[in-house]
1. Which is more than 14 Å from chain A (Cβ to nearest Cβ) and open to solvent by 20 Å² or more (accessible area, probe 1.4 Å), of B:I323, B:I304?
2. It is to be established whether one or more residues within segment B:235-243 are out of contact with any Cys (no Cβ under 6 Å at 6 or more places or on another chain), open to solvent by less than 20 Å² (accessible area, probe 1.4 Å), facing chain A (nearest Cβ under 9 Å) and within 30 Å of B:S150 (Cβ to Cβ).
3. Out of curiosity, is B:S64 surrounded by fewer than 22 Cβ atoms within 10 Å (Cβ to Cβ) and within 14 Å of another protein chain (Cβ to nearest Cβ)?
4. From A:L99, A:L111, grab the single residue that is part of a helix (DSSP H, G or I) and within 18 Å of the chain's Cα centre (by Cα).
5. Identify the residue in segment A:80-90 that is part of a helix (DSSP H, G or I) and not charged (D, E, K, R) and, among all such residues, is farthest from the other protein chains (Cβ to nearest Cβ).
6. May I ask you to say which residue of B:S41, B:S36 is open to solvent by 10 Å² or more (accessible area, probe 1.4 Å) and in contact with a strand residue (DSSP E or B) (Cβ under 8 Å, 6 or more places away or on another chain)?
7. Looking at the structure I just gave you, is B:N145 at positive phi and part of a loop (DSSP other than H, G, I, E, B)?
8. Residues that are away from chain B (no Cβ under 14 Å), at least 2 per element: which helices (runs of 4 or more DSSP H) completely within segment A:215-333 meet that?
Amino acid sequence: MKKIDWEKMSKPIILVGAIIILSVLRPQSFLTANNFANVLWSVSVIGIMTCGTVFVFLAGGIDLSIGTLAGLSAITVVEIIDKMGATNASVIIGIIAALCVGAFAGMVHGLIITRFNIPAFLVTFAAQSVYLGLSMVITNNRIVSAREPALFTSIGSMKILGFPLPIYLMIIIALISWFSLSRTTFGRDIYAVGGNPEASEISGVHVSKDIVLCYVFSGLTAAIGGIVLASMTQQGMASTGSGYETQVITAAVIGGVSLLGGVGTVPGCIYGVVIMGLINNGLNLMSVPSTQSGLVQGVVIIIAVAFDALQHQDQSRKKVKRISEQIKGTASS
Amino acid sequence: MKRHIKQSTMRRLISLAMLLALIALFGVLGGMSFLSTGNFSEIFRNASVVAIVGVGVTYVIITSGIDLSTGSMMALVAMTMANIYAYTLLPIWSMILIGIAVGLVAGLVNGIIVAKLNVPEFIGTLATLGIFRALTYLIAITDANGVIQSQPLTVPEYTVLGGSIGAVFYVTVAMAIFVIAGEVVLKYTRFGTNLYAVGANKKSATLSGIDVPRTRMIAYVIVGFCVAVGSVFTTARLQSTTALLGSGFEFNPIAAAVIGGVSLAGGSGDIIGTLIGSVFMATLENGLLKLHMNTAFQYIIKGIVIVAVVIFDSLYRKRMDRIAKEHGAQAEEGVGA
């Protein structure tokens with residue numbers, strides 16, 4: 001009899017299950033193309049950021065700064081547009097400046113982590129506080145609005161073939177991530193670094209350089225996320241993007257990314273992001289207040305990561321058992 | 001012959017020098033408004049809650065763990081007490097006891113997640129940071145329009161805890177008790193030795209018969225207790241609580257421990273160091289306020305200071321290891337001759 005591989009089947013089962021539950025809960029409106037586009041639109045920023053931060057996760061690190069970094073990038077672009085009088089040129093300069101902020105911040109994280117061998121969570125946790133402070137100083141705790149020009153506001157809301165632009169952005173960034181992770185030497189090196197940094201250093205991988213690049217990519221997608229978020233809401237403030245780091249971690253762990261490094265794929269992340277969208281949609285439906293989202297995300301993270309850790313243990317236990325049996329076998333013969 | 005100072009003593013002197021330099025800096029910049037007795041008692045008052053929570057957090061960091069959930073936990077404890085105060089006729093002492101019980105349970109939850117379910121510490125406590133905050137909002141008291149209110153806790157028997165004897169606040173007295181008890185437990189009991197052993201090397205700790213998961217769990221439960229006590233003193237001082245109480249607080253005890261020389265890699269550091277670090281953090285906050293720098297600058301400077309100290313520690317340890325290695329080589333040569 002053929003055994004069902006539950007591990008492989010669990011993802012489609014959960015996805016179909018979630019869709020069925022939601023269609024039953026709201027039969028007339030859930031199963032429409034419009035609603036599906038809405039679900040995707042609402043998580044596109046999380047999707048964009050997850051596709052970049054997954055590099056860091058795969059290399060065995062963590063980036064807790066992406067939320068406030070997205071906020072800082074959002075403020076950078078909005079402030080530049082505001083100061084330069086809402087011209088089209090200001091939008092382009094603002095976007096470039098915001099991307100530079102993200103990439104530079106990522107580079108600094110990566111360099112500090114690799115040069116001084118400091119835990120990634122501490123560096124990015126401290127950086128989170130620095131970016132929040134910078135955003136507050138720059139905006140003076142005001143909300144900076146950016147209703148003009150159309151070039152900027154269309155990033156978040158323009159529709160192509162019925163789907164808003166951020167969804168396409170998410171797909172493009174996902175494709176880039178997927179390509180560089182699964183079809184390039186860099187990608188293979190990242191998996192090796194996350195699996196075993198010492199071994200990959202010995203086998204000639206430039207571990208430090210690769211890790212820095214991962215954080216640069218994470219910072220860059222955080223900046224893109226921030227720009228899109230600012231465009232969607234047509235404003236920027238210090239609290240823009242705060243809490244997104246938890247959402248990104250949740251999406252990643254739902255998608256099968258191991259926070260211990262070395263395991264996970266971009267399609268998995270996108271699956272995690274879609275499930276996050278369905279969960280948020282479902283919570284909305286049951287009119288659960290947004291202050292409760294931390295509860296759901298926290299529980300999901302703990303279950304997913306604990307499950308991952310359990311599998312890790314199982315695998316290493318099986319390995320030990322296999323090796324000890326082999327030794328016994330050779331000893332008795 | 002050169003006399004060698006013990007490495008841990010040297011690190012203690014460095015953190016003390018950092019604190020004195022900071023006080024001197026603000027003394028020059030701020031003048032008498034900073035250097036008055038009243039201001040120093042205020043600094044100690046602010047350092048106290050951080051140091052009380054820091055006792056537990058230091059234990060956890062010594063086991064090579066971390067706790068990011070202390071701020072939310074503080075809010076959950078406070079909101080539970082506010083609910084009891086608003087809706088029941090229970091006496092104040094039992095309200096405090098229930099608050100402490102909530103802290104213990106929250107700490108136990110962290111401990112189970114980290115030690116039994118093997119979730120990495122910073123992920124597990126990041127998740128509970130969100131969970132505890134959400135629970136606080138869930139039980140927060142709202143007005144008729146569903147708007148969350150600041151909840152008063154104004155009964156005199158309770159708010160007396162926010163007071164002082166002369167220039168010394170009660171919370172500072174509690175802090176002294178916690179620091180002394182914490183240091184004694186750490187240095188002179190088997191549990192304390194186990195904490196160091198677990199942090200230095202989990203495998204060899206297990207092999208030497210230490211129940212590693214249990215030791216880690218107890219460390220997290222102690223954090224819960226410390227946070228609950230900190231929460232009582234904080235709300236007694238504020239005479240109220242909100243759902244936002246303690247947001248961002250988790251940063252302070254971690255920073256205090258790191259400044260005081262507790263290694264994030266585990267296995268080294270002590271409570272006195274964390275106390276010095278707490279006073280350092282409180283002095284920094286106070287000084288920045290006296291120089292009219294708002295919270296935004298505090299966020300920036302705190303973040304930079306903690307990274308700078310960790311970078312310094314990393315370089316310092318590398319150097320000390322090199323020196324120790326050279327000494328080892330010399331000693332071996334001596335034996336050979």
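The values are calculated or read from the model by the stated rules, or taken from the named source; none is laboratory data. Here the structure is a predicted model, which means the values were calculated and not measured. As a convention, Cβ positions derive from the backbone with ideal geometry for all residues, glycine included, and neighbour counts pool all protein chains shown. Surface accessibility is based on the protein's heavy atoms, side chains included, excluding ligands, DNA and RNA. Shrake-Rupley method; radii C 1.70, N 1.55, O 1.52, S 1.80 Å.
1. Values: B:I304 fails: more than 14 Å from chain A (Cβ to nearest Cβ).
Only one candidate passes the filter, namely B:I323.
2. Let us first name the residues in segment B:235-243 that are out of contact with any Cys (no Cβ under 6 Å at 6 or more places or on another chain), namely B:235-243.
From what's left, open to solvent by less than 20 Å² (accessible area, probe 1.4 Å): B:235-236, B:241, B:243.
After this cut, where a residue has to be facing chain A (nearest Cβ under 9 Å) as well, the list is B:243.
Next cut, within 30 Å of B:S150 (Cβ to Cβ) only: B:243.
Yes - at least one qualifying residue is present in segment B:235-243.
3. Values: surrounded by fewer than 22 Cβ atoms within 10 Å (Cβ to Cβ): yes; within 14 Å of another protein chain (Cβ to nearest Cβ): yes.
It is true that B:S64 is surrounded by fewer than 22 Cβ atoms within 10 Å (Cβ to Cβ) and within 14 Å of another protein chain (Cβ to nearest Cβ).
4. Answer to the selection: A:L99.
5. First pass over segment A:80-90, keeping only residues part of a helix (DSSP H, G or I): A:80-83, A:88-90.
The next check asks that each one be not charged (D, E, K, R); those that pass are A:80-81, A:88-90.
Working: A:I80: 20, A:I81: 22, A:N88: 31, A:A89: 30, A:S90: 25 Å.
The qualifying residue farthest from the other protein chains (Cβ to nearest Cβ) is A:N88.
6. Numbers: B:S36 fails: in contact with a strand residue (DSSP E or B) (Cβ under 8 Å, 6 or more places away or on another chain).
Being open to solvent by 10 Å² or more (accessible area, probe 1.4 Å) and in contact with a strand residue (DSSP E or B) (Cβ under 8 Å, 6 or more places away or on another chain) holds for just one of B:S41, B:S36, which is B:S41.
7. Working: at positive phi: no; part of a loop (DSSP other than H, G, I, E, B): yes.
Considered against the rule, which asks whether it is at positive phi and part of a loop (DSSP other than H, G, I, E, B), B:N145 comes out as no.
8. Working: elements: A:244-254, A:266-285, A:293-332.
Output list reads A:266-285, A:293-332.
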